[in-house]
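*Asks:* Have a look at the structure that comes next, please.
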Amino acid sequence: MPEPPREPILTLPGALTAYVLLLALIHIVRMLLPYDVDDTVIQMFGFIPKRYDSTLLAIDFPGGTGAKVWTFVTYSLLHANFSHIGFNVLWLLPFGSALARRFGPVRFFVFMAVTAAAGALAHFVTHEHAVAPMIGASASVSGTMAAAIRFAFVRGSFLSFSRGDADAAARVPALSLLRALQNPRVLGFLGVWFGVNIIFGVGSIAIGADGASVAWQAHIGGFFAGLLLFSLFDPIPHAVPDAADASSPDTSNRG
């Protein structure tokens, strides 16, 4: 029997391709709108913590009551420019691709929505009275990175030194949360990721940037959601306790 074709590791799955095209299409449409109309779109679909303020100083934002619900997700579909989209897509290429292959389209899109909502919640808790809209898919991107590290370093997966084709690399059994947090490679990744976000946070405060600052709290909210909720979305059985991972020596026989 001929060996089945192996899908290249960098080929984008359909779900991720559709997601990226959606982000680009939304931004292109916004570019064609007059400035004041586009500003209304951002006000209506961006996440604004002040929208939930019930004090006498509350502002009447576009969208009414409905916007208090949908903006927990829709903000993640809006971006400041194509560079903003490109930066998020750059991180989605390895992590989002693996997750989309593993979850399938429906689980993947729901996961992106849930992690976006978690990022919005984290931003709200830390910016309760902020008027500037938060936009961008960074919280969801952070969620995919967190979820992917649950299986990324397992032998045969996409960040291990020994892997097969893209689909096989995305479907290796994942580590439990406890085992993942005991894995040196995972801990190293977590240290670097949180360090970079802390630098972004301190930098935005030191520079005094306004609405253009990085919403690093939303990143952390999305990241924790992806890390903790991964098992609820994962259709692949977890690794058995003695399963080998990429950080352990390979003692398998080779013909």
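*Asks:* Give me the residue from the stretch 12-32 that is open to solvent by 60 Å² or more (accessible area, probe 1.4 Å) and outside any helix (DSSP H, G or I) and, out of that set, farthest from A67 (Cα to Cα).
*Replies:* Ranking the candidates gives L12 first.
*Asks:* Out of curiosity, is F194 among the aromatic types (F, W, Y) and at pLDDT below 75?
*Replies:* Numbers: among the aromatic types (F, W, Y): yes; at pLDDT below 75: no.
Taking the combined requirement at face value, the residue does not satisfy it.
*Asks:* Moving to a separate point now. In the stretch 39-51, is there at least one residue being more than 23 Å from the chain's Cα centre (by Cα), among the aliphatic types (A, V, I, L, M) and not in a helix (DSSP H, G or I)?
*Replies:* no
*Asks:* Does V125 count as surrounded by fewer than 19 Cβ atoms within 10 Å (Cβ to Cβ) and not acidic (D, E)? Break it down into steps so the answer makes sense when it comes.
*Replies:* Values: surrounded by fewer than 19 Cβ atoms within 10 Å (Cβ to Cβ): yes; not acidic (D, E): yes.
So V125 passes the test.
*Asks:* Looking at R101 and the list (1) closer than 26 Å to F45 by Cα; (2) of a type outside the set (A, V, I, L, M, F, W, C); (3) part of a helix (DSSP H, G or I), which single condition is not satisfied?
*Replies:* Just one mismatch for R101, condition (1).
*Asks:* Kindly establish whether I85 is open to solvent by less than 20 Å² (accessible area, probe 1.4 Å), at pLDDT below 95 and within 22 Å of A218 (Cβ to Cβ). Outline the logic, then answer.
*Replies:* On the way: open to solvent by less than 20 Å² (accessible area, probe 1.4 Å): yes; at pLDDT below 95: yes; within 22 Å of A218 (Cβ to Cβ): yes.
Here the answer is yes, as I85 does meet what is asked.
Yes/no matrix, rows are residues, columns are (1) modelled with pLDDT under 90; (2) surrounded by 13 or more Cβ atoms within 10 Å (Cβ to Cβ):
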{"site": "H129", "(1), (2)": "yes, no"}
{"site": "I135", "(1), (2)": "no, yes"}
{"site": "V141", "(1), (2)": "no, yes"}
{"site": "F158", "(1), (2)": "yes, yes"}
{"site": "S176", "(1), (2)": "yes, yes"}
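*Asks:* Would you please list the contacts, defined by Cβ atoms under 8 Å and residues six or more apart or on different chains, that run from a residue in the stretch 209-221 that is assigned to a helix (DSSP H, G or I) to a residue that is at pLDDT below 50 and open to solvent by less than 40 Å² (accessible area, probe 1.4 Å)?
*Replies:* From the stretch 209-221, the pairs are W216/S204.
*Asks:* Just checking, does the stretch 240-253 include any residue being modelled with pLDDT of 75 or more, of a type outside the set (F, W, Y) and either open to solvent by 30 Å² or more (accessible area, probe 1.4 Å) or within 17 Å of V154 (Cα to Cα) (or both)?
*Replies:* In the first step, residues of the stretch 240-253 are kept if they are modelled with pLDDT of 75 or more; the result is none.
No, the stretch 240-253 contains no residue that is modelled with pLDDT of 75 or more, of a type outside the set (F, W, Y) and either open to solvent by 30 Å² or more (accessible area, probe 1.4 Å) or within 17 Å of V154 (Cα to Cα) (or both).
*Asks:* Now, a different point. Considering only residues of the stretch 52-65 that are over 14 Å from M134 (Cβ atoms) and part of a helix (DSSP H, G or I), which is least open to solvent (accessible area, probe 1.4 Å)? Spell out the reasoning first.
*Replies:* First, pick out the residues of the stretch 52-65 that are over 14 Å from M134 (Cβ atoms): 53-60, 62-65.
Those left that are additionally part of a helix (DSSP H, G or I): 64-65.
Values: G64: 38, T65: 110 Å².
Within the stretch 52-65, the match that is least open to solvent (accessible area, probe 1.4 Å) is G64.
The values are calculated or read from the model by the stated rules, or taken from the named source; none is laboratory data. Keep in mind that this is a model prediction, so the values were computed, not measured. When we count neighbours, we look across all protein chains shown, and the Cβ atoms used for this are built from the backbone with ideal geometry, even at glycine. Ligands, DNA and RNA are stripped out before the accessible areas are found, and what is left, the full protein with its side chains, is counted by its heavy atoms. Shrake-Rupley method; radii C 1.70, N 1.55, O 1.52, S 1.80 Å.
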